[in-house]
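The structure under discussion appears below in the form of structure tokens.
The values are calculated or read from the model by the stated rules, or taken from the named source; none is laboratory data. If you're wondering where the values come from, they're calculated on a predicted model, not measured in any experiment. Reconstructed Cβ throughout: ideal geometry from the backbone, glycine too, with neighbour counts over all protein chains shown. Ligands, DNA and RNA are stripped out before the accessible areas are found, and what is left, the full protein with its side chains, is counted by its heavy atoms. Shrake-Rupley method; radii C 1.70, N 1.55, O 1.52, S 1.80 Å.
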Amino acid sequence: MASLPWVVVASFAAFILYSLIGAALAPRIIERRGALLLAPMFGWAVFSAATLPLFCFIIPLSLATAASSFALAGACAVFFAAPSVRLKTVDLVKSIDWQMSAAFVGAILLASAIAAGTLPKFSDGGVTLASPIFDHAKIAMVDEMRRIGVPPVNPFYGGTDAPQRLAYYYLWHFSAAELSLLTHASGWEADAALTWFTAFASLMAMAGVARLLGGGRWTPLFVVILAASASARPVLYTLMGDDPVESIVGVRSGLAGWMFQAMWAPQHCAAAACLVLAVGALGPMVRTPSLVRSITVALLMAATFEASTWIGGIVLPLAVIPVAVALLIKTAPAGRMRTFAVLAATGVLAMLLIAPLFYDQIQAAMSRGTTLITFRPYEVLSSSVLVSQSGRVANLVAYWLLFLPVEFLASYVVGVLTLIFLLRRRASGASDEIWPYCILILASLISTWLFASTYGDNNDLGWRSVLPAASALIIFAAIGFEILIVTKRSVALVAACVLLLLTAPDSGILIYRNVVGHRSDSARIFAGTPALWEAVRKHAGITERVANNPEFLADLTPWDVNISWALLANRRSCYAGDALVGPFSALPEQRALAVQQQFDRIFSGNAEPEDLKALLTEYRCDAVVLTAEDPAWPHDPFATSSLYRLVDSASGWRIYRRAD
């Protein structure tokens with residue numbers, strides 16, 4: 001099981017190392033007060049995006065090479081740091097007041113509550129997990145890269161009918177593997193640590209951007225408070241009932257606020273933060289071009305794509321291209337050629353960096369025989385309203401006037417009003433820095449509004465592409481609260497605080513469930529599975545594949561997923577279950593269904609003669625695990641098979657290896 005002390009060690013290491021690297025870069029890219037608050041996220045994005053191609057194509061990933069890369073980056077950060085960094089650090093320390101201190105403490109606590117969803121909860125001899133662990137089953141990717149390096153082999157499926165190379169935006173998980181190697185933390189512990197770091201660094205990045213845009217001493221604190229806000233749905237459900245509310249504001253889904261998504265998908269939150277930083281860095285890069293600025297912005301954009309295809313592949317071009325065109329137009333005619341060259345070179349470098357991952361994902365989409373996205377407006381109103389043309393038009397409007405205010409109540413309402421207020425202050429020149437974020441917010445919200453991903457049941461594009469807007473709106477809402485406090489607009493401030501309070505019940509529910517976990521009947525059995533997987537590792541090599549029942553301990557999470565294998569096995573699976581094989585293989589849907597049915601037959605005790613042979617020839621299953629909870633346990637099909645031999649057994653499991 002994941003150990004809290006190791007998580008703390010890895011979290012501290014991530015904070016120190018990435019902050020050191022970022023502290024050397026952030027003041028060079030954005031020469032403004034507050035830039036050092038951006039350091040943790042700057043450091044993570046630049047270091048991770050730069051080392052991924054290094055370990056993919058030049059040197060293997062190992063403890064020695066990972067440690068050397070961190071040491072070299074840290075040494076360069078100290079040596080090449082801008083002369084003003086020390087002064088800026090002194091200024092930052094001097095500017096710390098009780099509001100800033102509260103913001104730091106609040107960010108640490110909120111990040112800890114978010115990371116708690118990835119940790120085991122021990123009680124009454126059992127171990128429970130929180131619901132977000134479902135999406136953290138990708139820990140198997142961290143273990144794969146820790147063992148073998150990059151580019152990773154697909155740990156979820158070993159079938160001969162699919163590419164062995166993993167097609168996924170795995171930059172975040174790659175950096176967790178680096179952290180795991182460096183600190184000797186397990187893949188699970190590194191995932192939890194990087195979840196904490198990502199949440200904390202994202203909060204600091206939003207606070208830093210808010211300060212750069214003119215926010216005062218209150219803005220960092222309100223960034224943390226607004227980031228902790230959630231949906232107003234629980235209040236509406238209490239007042240109106242579930243069905244009436246969902247008929248006009250849509251069914252609750254994964255399209256939610258920053259805190260919810262940081263719990264479930266920290267890689268997408270990291271991508272959103274990188275995009276916010278990249279958009280903000282474009283202006284300084286154009287006004288004062290330099291090689292360091294161009295490379296850094298290219299790495300920020302590459303990190304955005306490599307941590308989230310949905311944000312980096314859809315929202316980034318929708319936002320960055322218009323911003324770049326506008327910057328080109330605003331440049332004096334004599335300098336437009338230079339500006340164009342700087343923007344083009346930066347864009348080309350970013351595309352070269354993302355090319356390998358982009359190619360893999362396009363190939364996977366082609367193998368499935370489907371496109372990645374489709375035009376499908378987000379359904380807010382009930383299906384009975386959408387049958388008419390007027391209903392479809394009303395649904396388009398309801399997204400902006402009903403859905404967004406309910407899901408992002410305080411940040412959306414206060415943030416939009418603050419943007420309008422700031423843009424009207426043209427005499428101060430504030431609009432020159434704010435309009436790029438306006439384009440980013442529109443690009444993000446429009447992509448969620450009009451487009452959807454096509455593979456599987458979930459609209460991952462819609463759920464994740466909203467995050468850059470959610471982050472930017474938190475920034476401007478925090479500035480709005482600062483303005484209301486400074487200008488002593490008591491009535492407006494009270495109204496804004498009421499909006500925050502309306503989201504408090506949902507925030508409390510999310511944090512409580514993250515900390516307490518999802519109760520299940522299998523908690524006691526799960527507590528004993530580390531010994532099972534330790535025994536499996538003794539009989540399966542680091543490149544071999546293991547088969548186990550994909551439904552094993554399925555009630556540990558609200559949705560069925562092979563979570564015991566994903567968290568504890570540290571070995572590849574030949575079929576990890578539909579929840580993991582579907583998104584991470586290039587199988588057409590009909591083939592994926594046939595494979596699922598075949599494994600269901602084997603572990604339910606209804607194996608057909610060719611099924612066991614297929615484990616060897618089609619799925620490369622070197623070892624097989626059968627447990628007492630599997631329906632096949634009483635009539636074990638492997639016990640009489642000549643293809644596999646028993647190599648280990650205990651009261652609750654049997655481990656078989658291929659006979660050859």
TODO: Using only Cα atoms, find the angle between the long axis of helix 39-57 and the longest principal axis of the chain, and express it within 0 to 90 degrees, rounded to the nearest 10.
DONE: 50
- [ ] Relative to the longest principal axis of the C-alpha atoms of the chain, give the angle of the C-alpha long axis of helix 187-212, reported between 0 and 90° and rounded to the nearest 10°.
- [x] 10
Task: Cα-based reach from K488 at 13 Å (exclusive), listing aspartates and glutamates while leaving out same-chain residues under 8 positions away - done: none
Task: Separation in nanometres of the label points that stand 7 Å from Cα toward Cβ, at I362 and I248 - done: 4.6
TODO: For the chain, just give the cysteines left without a disulfide-compatible partner, judged by no other Cys Cβ under 4.7 Å.
DONE: C56, C76, C269, C274, C438, C497
Open item on the list: If you average the alpha carbon positions of segment 17-69 and of segment 304-374, how far apart do those two centres end up, in angstrom?
Closed with: 21
Open item on the list: In whole percent, and with a 1.4 Å probe on the protein chains, what portion of the accessible area of segment 524-660 is carbon and sulfur?
Closed with: 49
Open item on the list: I'd like the Karplus ³J(HN,Hα) series for segment 225-236: coefficients 6.51, -1.76, 1.60, θ = phi - 60°, whole numbers in Hz, and an x wherever there's a Gly or Pro.
Closed with: 5, 5, 5, 7, 6, 10, 8, 8, 4, x, 5, 5
Open item on the list: Under the rule of at least 5 residues apart or a separate chain, name every residue whose amide H is placed under 5 Å from the amide H of Y644.
Closed with: A659
Open item on the list: Once you keep just the Cα pairs under 8 angstrom separated by 6 or more residues, what percentage relative contact order results for segment 505-660?
Closed with: 21
Task: Length-normalised contact order for the chain - Cα pairs under 8 Å, 6+ apart - percent - done: 19
Task: Under the Karplus curve 6.51 cos²θ - 1.76 cosθ + 1.60, θ = phi - 60°, whole-Hz ³J(HN,Hα) for segment 263-273, x wherever Gly or Pro sits - done: 5, 8, 9, x, 4, 6, 5, 5, 4, 4, 5
Task: Heavy-atom accessible surface of segment 200-285: percent carbon and sulfur, 1.4 Å - done: 64
- [ ] Compute the Cα gyration tensor for segment 301-365, then decide on rounded, prolate or oblate, letting a ≥ b ≥ c be the square roots of its eigenvalues: rounded whenever a/c is under 1.5, prolate when a/b is larger than b/c in the other cases, and oblate in all that remain.
- [x] prolate
Open item on the list: Among M351, W435, I542, whose Cα projects farthest towards the positive end of the dipole of the chain, with charges put on the beta-carbon of Lys, Arg (+1) and Asp, Glu (-1)?
Closed with: W435
Task: For the chain: accessible area per residue (Å², 1.4 Å) - done: 39
Task: For I59, distant residues with modelled amide H under 5 Å away - done: none
Open item on the list: Quick check for you: which residues of segment 126-148 have the amide N under 11 Å from the point 7 Å beyond the Cα of W559 toward its beta carbon?
Closed with: 132, 134-136
TODO: Output ³J(HN,Hα) for segment 378-387: one whole-Hz value per residue in order, computed from phi by the Karplus curve 6.51 cos²θ - 1.76 cosθ + 1.60 with θ = phi - 60°, and x for Gly and Pro.
DONE: 5, 7, 9, 6, 5, 4, 5, 7, 6, 5
Open item on the list: Per-residue counts of other Cβ atoms within 10 Å, averaged by peptide: what ranking do you get for 499-506, 283-290, 17-24, highest first?
Closed with: 17-24, 499-506, 283-290
TODO: Using per-residue counts of other Cβ atoms within 10 Å, averaged over each peptide, order 459-471, 68-80, 411-423 from highest down.
DONE: 459-471, 411-423, 68-80
TODO: Wrap a convex hull around the Cα atoms of segment 500-578, take a quarter of its surface area, and give that in square nanometres.
DONE: 6.8
Open item on the list: What whole-number distance in Å separates the alpha-carbon centres of segment 186-239 and segment 97-130?
Closed with: 13
- [ ] Evaluate E = 1/(1 + (r/R0)^6) for D161 and R392, where r is the Cβ-Cβ distance and R0 equals 60 Å; express this FRET efficiency to the nearest 0.05.
- [x] 0.90
- [ ] Take every DSSP beta bridge whose two residues both sit in the chain, then give the antiparallel share in percent to the nearest 5.
- [x] 85
Task: Crossing angle, helix 291-307 versus the chain [Cα axis fit, 0-90 degrees, rounded to tens] - done: 40
Open item on the list: Let me make sure I get this right: for segment 127-196, a, b and c are the square roots of the gyration tensor eigenvalues over alpha carbons, sorted descending. Under 1.5 in a/c it's rounded, otherwise prolate if a/b > b/c, else oblate. Which is it?
Closed with: oblate
Open item on the list: Placing unit charges on C-beta atoms (Lys and Arg positive, Asp and Glu negative, everything else neutral), compute the dipole magnitude of the chain about its Cα centre in debye, rounded to 20.
Closed with: 2580
TODO: Could you tell me whether segment 236-393 comes out rounded, prolate or oblate from its Cα gyration tensor? Rule is a ≥ b ≥ c as square roots of the eigenvalues, rounded for a/c under 1.5, then prolate if a/b exceeds b/c, otherwise oblate.
DONE: prolate
TODO: Arrange the peptides 262-268, 36-42, 101-107 so that the one whose residues have, on average, the most other Cβ atoms within 10 Å appears first.
DONE: 36-42, 262-268, 101-107
Task: With every protein chain in place, segment 1-79: carbon and sulfur % of accessible area (1.4 Å) - done: 77
TODO: Would you calculate a helix-derived [θ] at 222 nm for the chain, using -39,500 (n - 2.57) for each DSSP H run of n ≥ 4 and dividing by the full residue count, to the nearest 500?
DONE: -20500 deg cm²/dmol
